[in-house]
1. Consider the range 4-21. How many of its residues are over 16 Å from the mean Cα position of the chain (by Cα), among the small types (Gly, Ala, Ser) and either surrounded by 11 or more Cβ atoms within 10 Å (Cβ to Cβ) or under 24 Å from SER33 (Cα atoms) (or both)?
2. Only residues in the range 8-23 that are in contact (Cβ under 8 Å) with a residue 12 or more places away in the chain count as the first member; pair them with residues that are part of a strand (DSSP E or B) and among the polar types (S, T, N, Q), Cβ under 6 angstrom, at least 6 apart or cross-chain, and list the lot.
3. Please enumerate the residues belonging to the range 1-55 that are at pLDDT 85 or above and on the phi > 0 side of the Ramachandran plot.
Amino acid sequence: MADSLPAPSQLILDDHPRLGRIHVDMEAFFDFSFWLAEELEDMKAQALHGQTMPRSSTRHAHRNDDLRGNQHRTR
C-alpha cells in the first residue's frame, strides 16, 4: 500500500526564474474564481436587459481579502 500524501493546499500560479514563484491558497483561489464568474454573469445580464440588478459583492468580499492575504512570492 502506498503512503498517502497530504492534499495540496497551495496553487502555484507562476514559476519563472525572473518573477519567482507565486502561489495562493487553493480554496480561496477557487472561491474567488466562482465569485468572479457570478459577477460577470450579473454584468452581462445587466448589459443585455438594461437593468440594474443587486450586486452580490458583500456575500464573498472576505474571500477576496483571503486570496490577496495568502499570496506569497519567493525567489
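1. 2
2. Pairs found: GLY20/THR74; ARG21/THR74; HIS23/GLN10.
3. GLY20, the sole residue that qualifies.
The values are calculated or read from the model by the stated rules, or taken from the named source; none is laboratory data. As the structure is a computational prediction, the values presented were derived from the model and not from experiment. When we count neighbours, we look across all protein chains shown, and the Cβ atoms used for this are built from the backbone with ideal geometry, even at glycine.
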